[in-house]
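Everything on this sheet refers to the single structure shown next.
The values are calculated or read from the model by the stated rules, or taken from the named source; none is laboratory data. Remember, it's a predicted structure, so these values are computed and weren't measured experimentally. Neighbour counts run over all protein chains shown; Cβ positions are idealised from the backbone, glycine included.
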Amino acid sequence: MDPSQVDIPPLKDLTIDNITENVHMINSRCPDPRLKYVMERLVSHVHDFARETRLSTNEWMAAIQFLTSVGQICSDVRQEFILLSDVVGLSLLVDSIDHPKPSHSTEGTVLGPFHTHEAEHSSNGGTISHDPDGSPCLVLCTVKDTAGAPIAGAKIDIWETDSKGFYDVQYADRPGPDGRAVMESDGEGLFWFKAIVPVPYPIPHDGPVGKLLKLLKRHPYRPSHMHFMFDKPGYDHLITALYLRGDPYETSDAVFGVKESLLVDLGTVDAEKAAKYGVKEGSKLMTYDFVLVSDKEATQLREKEAMAAMDKLGRRMKLYKGLPVPEVD
């Protein structure tokens with residue numbers, strides 16, 4: 001690029017105090033108002049962090065090397081950057097901001113690093129886990145809208161670990177997907193399947209994120225849970241999970257995913273349900289009524305909360321593609 005053809009404001013004599021405004025000035029030619037705003041806030045916070053902590057060169061280099069190692073360990077079946085985002089609470093924060101929930105709807109939680117797109121499609125009554133050591137669990141759920149009407153044809157992506165606390169992708173010699181499935185709700189908004197009782201397990205801690213947790217004197221464990229992801233045209237995408245109440249890690253989840261509304265108590269399959277659903281009497285039973293939010297409801301609430309947050313910060317803003325940017329005269 002010929003520098004003479006680019007309209008770039010001249011930099012001032014750079015100092016600790018004026019470097020931030022100079023970076024803003026150089027970035028100010030960005031034509032996308034949202035990218036320009038995000039970069040302006042990112043640079044401001046990063047620079048303020050360096051000034052506030054008096055960040056040393058050695059600490060800065062250690063951070064660079066840490067992030068490099070996080071990227072190097074990532075693969076098609078292991079997303080260490082998602083894991084890093086999870087353990088610092090960023091994943092849950094972003095989901096809560098981008099997918100706000102009105103009262104009485106199902107709250108979202110973290111995706112986690114082990115979702116894949118290779119789950120086999122299953123019909124109601126299918127078996128998602130073939131682990132012979134797992135404790136059988138019948139899962140009976142419904143999907144409804146915020147008015148209580150059943151939602152038919154919702155795509156539900158489900159995944160859980162085996163009885164030893166490992167996802168299928170963590171086995172090098174796995175024959176194929178297991179502990180996961182994709183199904184659809186029926187005409188009454190019902191979906192049900194045979195699984196195993198979830199167990200607590202550690203997130204992968206043999207990499208850089210695990211080393212960070214050790215330095216912070218934190219454990220790597222997640223409480224027992226089962227993942228659910230819902231997709232239906234006209235409804236806000238929902239990533240959530242159900243957690244077993246009373247799990248020893250319920251109040252110290254390594255990735256901050258637990259919410260009170262997502263805690264469940266397991267029941268027991270009685271003779272009537274055993275006959276109806278073809279499972280053994282006495283098996284564990286997990287039930288839940290999921291409530292999806294329409295795209296319109298989610299958009300209105302997201303925009304309302306965004307502007308309320310900006311007002312609280314004392315910023316004069318407007319919405320651009322549904323996201324806040326500075327209001328420029």
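Structural remarks
- Under the condition of being loosely packed, with under 15 Cβ neighbours inside 10 Å and in contact (Cβ under 8 Å) with a residue 12 or more places away in the chain, the residues counted in segment 296-306 number 2.
- Top-ranked residue of segment 47-97 - restricted to ones that are in contact (Cβ under 8 Å) with a residue 40 or more places away in the chain and of a type in the set (Gly, Ala, Ser), ranked as surrounded by the most Cβ atoms within 10 Å (Cβ to Cβ): Ser91
- Single unsatisfied condition, Ala50 versus (1) over 25 Å from Met286 (Cα atoms); (2) assigned to a loop (DSSP other than H, G, I, E, B): (2)
- Taken over segment 98-117, the residue count meeting the criterion of being surrounded by fewer than 18 Cβ atoms within 10 Å (Cβ to Cβ) and within 19 Å of Arg218 (Cα to Cα) is 0.
- Every residue from segment 253-272 that is without any contact (Cβ under 8 Å) to a residue 40 or more places away in the chain and closer than 27 Å to Ser103 by Cβ: Asp253, Glu260, Leu263, Val264, Asp265, Gly267
The rows are residues; the columns are (1) under 16 Å from the mean Cα position of the chain (by Cα); (2) under 19 Å from Gly210 (Cα atoms).
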| site | (1), (2) |
| --- | --- |
| Arg51 | no, no |
| Leu55 | no, no |
| Ala63 | no, yes |
| Phe66 | no, yes |
| Phe81 | yes, yes |
| Gly112 | yes, yes |
| Thr116 | yes, no |
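- Among the residues of this structure, Ser129 counts as one that is assigned by TED's automatic domain parsing to the domain that holds Lys280, crowded, with 16+ Cβ neighbours inside 10 Å and in contact (Cβ under 8 Å) with a residue 12 or more places away in the chain.
- Any chance Asn22 is among the polar types (S, T, N, Q), at pLDDT below 95 and over 15 Å from the mean Cα position of the chain (by Cα): yes
Here's the yes/no breakdown for (1) over 19 Å from the mean Cα position of the chain (by Cα); (2) assigned to a strand (DSSP E or B); (3) under 20 Å from Thr127 (Cβ atoms); (4) assigned by TED's automatic domain parsing to the domain that holds Ser123:
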site: Ala147; (1), (2), (3), (4): yes, no, no, yes
site: Thr161; (1), (2), (3), (4): no, no, yes, yes
site: Asp173; (1), (2), (3), (4): yes, no, no, yes
site: Gly176; (1), (2), (3), (4): yes, no, yes, yes
site: Met183; (1), (2), (3), (4): yes, yes, yes, yes
site: Asp186; (1), (2), (3), (4): yes, no, yes, yes
site: Trp192; (1), (2), (3), (4): yes, yes, yes, yes
site: Lys211; (1), (2), (3), (4): yes, no, no, no
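- Any hit, segment 10-33, residues being within 29 Å of Gly322 (Cα to Cα) and in contact (Cβ under 8 Å) with a residue 60 or more places away in the chain: yes
- In segment 161-188, the residues that are surrounded by 21 or more Cβ atoms within 10 Å (Cβ to Cβ), modelled with pLDDT of 95 or more and either touching a Phe, Trp or Tyr at 6+ places or on another chain (Cβ under 8 Å) or on the phi > 0 side of the Ramachandran plot (or both): Thr161, Gly179, Arg180, Ala181, Met183, Ser185
- Checking each residue of segment 235-257 against the condition of being under 25 Å from Val87 (Cβ atoms), of a type in the set (Ser, Thr, Tyr) and touching an Asp or Glu at 6+ places or on another chain (Cβ under 8 Å) gives at least one match.
- Residue in segment 102-121 that is acidic (Asp, Glu), under 19 Å from Phe230 (Cβ atoms) and not in a loop (DSSP other than H, G, I, E, B) present: no
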